[in-house]
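These notes are about the structure you will find just below.
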Amino acid sequence: MSDDVPDQPRGEQIQRAEREAARQRILAQAEADRIPAEETDRAVPDRRWRRGQK
């Protein structure tokens, strides 16, 4: 059976379409917020943990 069953209630079809639209919006936002790997692999020295150690 396919997902586009004609005898499926209209409300369920609408809910499925709304869920898919929400999923697409979330994926688009995640892609917009994504930080490229090239920017995350640069080491930033953090020596706070060495305070008091010689």
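The values are calculated or read from the model by the stated rules, or taken from the named source; none is laboratory data. Here the structure is a predicted model, which is why all the values come from computation and not from measurement. Note that each Cβ is placed from the backbone with ideal geometry, even for glycine, and that neighbours are counted across all protein chains shown.
Points to keep in mind about this one:
Conditions tested, residue by residue: (1) among the β-branched types (Val, Ile, Thr); (2) part of a helix (DSSP H, G or I); (3) surrounded by 10 or more Cβ atoms within 10 Å (Cβ to Cβ); (4) at pLDDT 65 or above.
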site	(1), (2), (3), (4)
17	no, yes, yes, yes
28	no, yes, yes, yes
31	no, yes, no, yes
42	no, no, no, no
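- Residue 35 at pLDDT 80 or above, among the β-branched types (Val, Ile, Thr), under 29 Å from the mean Cα position of the chain (by Cα) and on the phi < 0 side of the Ramachandran plot: no
- In this structure, residue 21 qualifies as at negative phi, modelled with pLDDT of 95 or more, of a type in the set (Gly, Ala, Ser) and assigned to a helix (DSSP H, G or I).
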